[in-house]
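Trainee: Let me give you the structure first, and then I'll get to my questions.
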Amino acid sequence: MNDPMIDVRGLRKSYGRTDVLRGVDLAVRRGEIFALLGPNGAGKTTAVNILTTLVRPDAGTATIAGADVVRDPAAVRRAIALTGQYASVDEFLTGEENLVMMADLAHLPRRTVRHRAHELLERFDLTGAARRRVSTYSGGMRRRLDLAISLVADPRVLVLDEPTTGLDPASRSQLWDVVRSLAADGTTILLTTQYLEEADRLADTIAVLAEGRIAARGTASELKALVAGDHVRVSFQDAASLDGARALAVAGLDQAETDDKALALTFPSTEPVRAIRDVLEHAETRGLAVAAVSVVKPTLDDVFLALTRTDTRSAEEAQR
Amino acid sequence: MTTTLPAPATAPARPGPTGRRGAPLRDVATMTRREARRSLRSVDSLINAFALPVLIMSVFVVIFGGAISGPGGGYIDYVVPGVLVMCLGMNSGSAAVAVAQDMTSGTIDRFKTLPIFSSSALWGHVFASVVRNLASAALVVLVAVAYGFRPGAALGDWLGFAAFAVLAVLTFTWISVTLGLVLSVEASMSVNMIFLFVPYLSSGFVAVETMPAWLHGFAEHQPFTPVIESVRGLLAGAPDAGTILTACAWLGGLLLASVLAGGVLYRRRTAR
């Protein structure tokens, strides 16, 4: 029961002399939203292709819902649904025809095919456009139809390869809502993304894929904790106050970065509340005019940059 | 547009894939329906399937027909079989474009992750092509008759012609489908050029003896010659068993080779 829904061990894949995956391990629990985060070329799509039985790995194993992707691809295919990077819906069919086609291909009992199609059209707010050809749909509508199509057979594992690439913010957050509600219903979700915000907002667990390896994994906050603690940002009303503040005796202030335009100092702090109190007290004593103070939490961007930077450095060292 | 997409209040009824592991016929039927709809709804494909063949027939009969006299009779009776086979080939060539588009769009990748009969997507293209081609061939024959073509075929010959045309279209389309799996969309658009030009180097349009000597070898032994001669015999009501056998051997062999190659390529290749 506690077996992971997706279990990947030591996965390797090379194309010619390029090692795309260099030993990847993953474990995804049932109902979890798991994000594989990485820049273009990190190997995300190759990993997805192996997990969805499209490509065979060179080494390592991958099982989905207990079925091995190489030894029993048919069982894997019965458990999964893939939504690829492009909305692979048929332009010349209507939304309804697309769904009916996929319901037929899922071998649903014939009398339930139409019912299932209508149910999904309604759920994805496409009933009004059901009889229009997909070529007239907006990008957001195509994505919704694409996702609806993936759900026809009620998959246990849904694989989303960069599901929101090219979507406007409203459609993106709408899609996120759908993904969350699916996970709440017990669908296991593996998504790849190059958007840190997406992983941050959506995923229970994030694995950072860089140069064919998992560089780090954890919850968004665990990953952020990897980089550093919080930062304190203090802005002043005039340049003289900013200059005066640099000399204050506050822990961490010696590492401050100065933003002359915004008249602000940003410095790392393990105890941000205490640092803010110290800054304000000293500033008042010396007559420095503070405009605003805030605590800045590290973003996944910071994590991402830190991880990929070290990765590049070690790769360069390895080459030397 | 603000919409919320609430999760269903109750756990979704699991319609799930039925226990039946294989329903290959249903898969192929579904794929054929998909492709037939595409053919009927795209102006390009309607022009390629119906307008172009009629135009080619007209060019040969109206323009060349006046200048060329066929061996033993009007040129029209000589050239119609050649034009018919050329049209069947060109029309089958569109399948290469359709398959290349399916590869590029990720549609084939999605089909491959479904628990369905492996190459049903390809068979869908092939069967839709057979239906489209038979309809197109019927139209071309009718137009030819309107221009003065007088076939000597009896009912049995017509049935033989229909069966032979199905075999030819199956072969031509499978060759195109296999090429569509490896070519880009742009390159796949020239697949029908194979079917447009290679028949010229056969006995389809002029007798081989009238060609330069160095072409005789190729023109007499390339597959289009027995294929067109078979159609010519059937439509004239005087089929020659030997010629038809040679043509069927060519077509059957090419069909088998492309079905096998297509099947392997379909499993190996992913979206590009």
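Matching residues to (1) small (Gly, Ala, Ser); (2) in contact with a helix residue (DSSP H, G or I) (Cβ under 6 Å, 6 or more places away or on another chain); (3) under 26 Å from A:Ser138 (Cα atoms):
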site: A:Gly41; (1), (2), (3): yes, no, no
site: A:Lys44; (1), (2), (3): no, no, no
site: A:Pro57; (1), (2), (3): no, yes, no
site: A:Gly66; (1), (2), (3): yes, no, no
site: A:Val69; (1), (2), (3): no, yes, no
site: A:Ala81; (1), (2), (3): yes, yes, yes
site: A:Glu96; (1), (2), (3): no, yes, yes
site: A:Leu99; (1), (2), (3): no, yes, yes
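Trainee: When you scan region A:73-90, how many residues do you find that are of a type in the set (Val, Ile, Thr), more than 7 Å from chain B (Cβ to nearest Cβ) and touching a Lys or Arg at 6+ places or on another chain (Cβ under 9 Å)? Step through it out loud before you land on a result.
Mentor: Let us first name the residues in region A:73-90 that are of a type in the set (Val, Ile, Thr), namely A:76, A:80, A:83, A:89.
Filter once more, keeping what is more than 7 Å from chain B (Cβ to nearest Cβ): A:76, A:83, A:89.
Filter once more, so that each one left must be touching a Lys or Arg at 6+ places or on another chain (Cβ under 9 Å): A:83, A:89.
Qualifying residue count for the region: 2.
Trainee: Regarding A:Asp19, is this residue at pLDDT 95 or above and in a strand (DSSP E or B)? Show your work before the answer.
Mentor: Numbers: at pLDDT 95 or above: no; in a strand (DSSP E or B): yes.
Judged against the criteria, A:Asp19 is not a match.
Trainee: Let me ask something else. When region A:91-115 is examined, which residues are found to be surrounded by 23 or more Cβ atoms within 10 Å (Cβ to Cβ) and within 7 Å of chain B (Cβ to nearest Cβ)?
Mentor: A:Leu105, A:Ala106, A:His107, A:Leu108
Trainee: Turning to a different aspect of this structure: For B:Leu134, are the conditions met, namely being without any contact (Cβ under 8 Å) to a residue 40 or more places away in the chain, among the aliphatic types (A, V, I, L, M), closer than 15 Å to B:Ser39 by Cβ and away from every other protein chain (no Cβ under 14 Å)?
Mentor: Working: without any contact (Cβ under 8 Å) to a residue 40 or more places away in the chain: yes; among the aliphatic types (A, V, I, L, M): yes; closer than 15 Å to B:Ser39 by Cβ: yes; away from every other protein chain (no Cβ under 14 Å): yes.
Considered against the rule, which asks whether it is without any contact (Cβ under 8 Å) to a residue 40 or more places away in the chain, among the aliphatic types (A, V, I, L, M), closer than 15 Å to B:Ser39 by Cβ and away from every other protein chain (no Cβ under 14 Å), B:Leu134 comes out as yes.
Trainee: Could you tell me whether B:Ser58 is within 14 Å of chain A (Cβ to nearest Cβ), closer than 30 Å to B:Val208 by Cα and in a helix (DSSP H, G or I)?
Mentor: Working: within 14 Å of chain A (Cβ to nearest Cβ): no; closer than 30 Å to B:Val208 by Cα: yes; in a helix (DSSP H, G or I): yes.
Considered against the rule, which asks whether it is within 14 Å of chain A (Cβ to nearest Cβ), closer than 30 Å to B:Val208 by Cα and in a helix (DSSP H, G or I), B:Ser58 comes out as no.
Trainee: Going by what's in this entry, would A:Leu202 be described as surrounded by 14 or more Cβ atoms within 10 Å (Cβ to Cβ) and over 34 Å from the mean Cα position of the chain (by Cα)?
Mentor: Against the criterion (surrounded by 14 or more Cβ atoms within 10 Å (Cβ to Cβ) and over 34 Å from the mean Cα position of the chain (by Cα)), A:Leu202 does not qualify.
Trainee: In addition: Of the residues in region A:129-145, how many are in a loop (DSSP other than H, G, I, E, B) and either more than 10 Å from chain B (Cβ to nearest Cβ) or at positive phi (or both)? Spell out the reasoning first.
Mentor: As a first pass, look at region A:129-145 and keep what is in a loop (DSSP other than H, G, I, E, B): A:130-132, A:137-138.
Okay, now just the ones that are also either more than 10 Å from chain B (Cβ to nearest Cβ) or at positive phi (or both), so A:130-132, A:137.
Selection size over region A:129-145: 4.
Trainee: Can you name the condition, by its number, that A:Val70 falls short on among (1) under 29 Å from B:Glu35 (Cβ atoms); (2) assigned to a loop (DSSP other than H, G, I, E, B); (3) more than 9 Å from chain B (Cβ to nearest Cβ)?
Mentor: Only one criterion in (1) under 29 Å from B:Glu35 (Cβ atoms); (2) assigned to a loop (DSSP other than H, G, I, E, B); (3) more than 9 Å from chain B (Cβ to nearest Cβ) is unmet by A:Val70, namely (1).
Trainee: Another question, then. Just a yes or no: is a residue in region B:195-207 among the hydrophobic types (A, V, I, L, M, F, W, C), outside any helix (DSSP H, G or I) and surrounded by 14 or more Cβ atoms within 10 Å (Cβ to Cβ)?
Mentor: For region B:195-207, residues among the hydrophobic types (A, V, I, L, M, F, W, C), outside any helix (DSSP H, G or I) and surrounded by 14 or more Cβ atoms within 10 Å (Cβ to Cβ): present.
Trainee: Then there's this: Can you name every one of the helices (runs of 4 or more DSSP H) wholly within region A:146-236 that holds 1 or more residues which are without any contact (Cβ under 8 Å) to a residue 60 or more places away in the chain and either within 14 Å of chain B (Cβ to nearest Cβ) or under 22 Å from A:Thr127 (Cβ atoms) (or both)? Even if it seems obvious, please write down each step before you answer.
Mentor: Details: elements: A:169-184, A:196-202, A:220-227.
Hits in region A:146-236: A:169-184.
Trainee: One residue is enough: does region A:274-294 have a residue meeting the conditions surrounded by fewer than 15 Cβ atoms within 10 Å (Cβ to Cβ) and at pLDDT below 85?
Mentor: Checking region A:274-294: not a single residue is surrounded by fewer than 15 Cβ atoms within 10 Å (Cβ to Cβ) and at pLDDT below 85.
Trainee: Which residue out of B:Ala98, B:Ala128, B:Ala121, B:Ala29 is touching a His at 6+ places or on another chain (Cβ under 7 Å), within 14 Å of chain A (Cβ to nearest Cβ) and in a helix (DSSP H, G or I)?
Mentor: Values: B:Ala128 fails: touching a His at 6+ places or on another chain (Cβ under 7 Å); B:Ala121 fails: touching a His at 6+ places or on another chain (Cβ under 7 Å); B:Ala29 fails: touching a His at 6+ places or on another chain (Cβ under 7 Å).
Sole residue among the options that is touching a His at 6+ places or on another chain (Cβ under 7 Å), within 14 Å of chain A (Cβ to nearest Cβ) and in a helix (DSSP H, G or I): B:Ala98.
The values are calculated or read from the model by the stated rules, or taken from the named source; none is laboratory data. What you see is a predicted model, and the numbers here were worked out from it, not measured in a lab. Cβ: placed from backbone, ideal geometry, glycine included. Neighbour counts: every protein chain shown.
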